[in-house]
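The values are calculated or read from the model by the stated rules, or taken from the named source; none is laboratory data. Because the structure is predicted, anything quoted here is derived from the model rather than measured. Note that each Cβ is placed from the backbone with ideal geometry, even for glycine, and that neighbours are counted across all protein chains shown.
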């Protein structure tokens, strides 16, 4: 498992129904969020429409943009604004036929574009 000071230390293991699912996490909150995939719990409900519930607060925030019209992701090529980071990545690919366009998102979100 490694020591708490070593990179990649993940002491929080998912044990669902007494079995290991094989996932481990560095933070207890990440484990709790992951366990919702097993339980089906969706504690984050949209109060705007009352129709959607989500396992993660980030997913709720993303959904809420459908109500507010917020579009925080802007294409550096043409200036078009989009509401989802994944939509920006897909959009940026329209500017090139040969390969995915460089993603202007943070390093953490580059994996959404298949670039990280």
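Does residue 49 satisfy the criteria of being assigned to a loop (DSSP other than H, G, I, E, B) and touching a helix residue (DSSP H, G or I) at 6+ places or on another chain (Cβ under 9 Å)?
Values: assigned to a loop (DSSP other than H, G, I, E, B): yes; touching a helix residue (DSSP H, G or I) at 6+ places or on another chain (Cβ under 9 Å): yes.
So residue 49 passes the test.
Do we find that residue 58 is under 15 Å from the mean Cα position of the chain (by Cα), loosely packed, with under 11 Cβ neighbours inside 10 Å and free of Cβ contacts under 8 Å to residues at least 12 places away in the same chain in this structure?
Details: under 15 Å from the mean Cα position of the chain (by Cα): yes; loosely packed, with under 11 Cβ neighbours inside 10 Å: no; free of Cβ contacts under 8 Å to residues at least 12 places away in the same chain: yes.
Criteria not met by residue 58.
Residue-by-condition table, conditions (1) modelled with pLDDT under 90; (2) outside the structural domain of residue 12 (by TED's automatic domain parsing); (3) at negative phi; (4) touching a strand residue (DSSP E or B) at 6+ places or on another chain (Cβ under 9 Å):
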site: 27; (1), (2), (3), (4): yes, no, yes, yes
site: 49; (1), (2), (3), (4): no, yes, yes, no
site: 52; (1), (2), (3), (4): no, yes, yes, yes
site: 92; (1), (2), (3), (4): yes, yes, yes, no
site: 99; (1), (2), (3), (4): yes, yes, yes, no
(request) Would you mind telling me which numbered condition in (1) loosely packed, with under 15 Cβ neighbours inside 10 Å; (2) over 16 Å from the mean Cα position of the chain (by Cα); (3) closer than 24 Å to residue 86 by Cα residue 46 fails? (result) (1)
(message) For region 35-46: of the residues being over 14 Å from residue 62 (Cα atoms) and in a loop (DSSP other than H, G, I, E, B), which is modelled with the lowest pLDDT?
(response) 40
(request) Could you list, in sequence order, all residues of region 26-37 that are more than 16 Å from the chain's Cα centre (by Cα) and surrounded by 13 or more Cβ atoms within 10 Å (Cβ to Cβ)? (result) 26
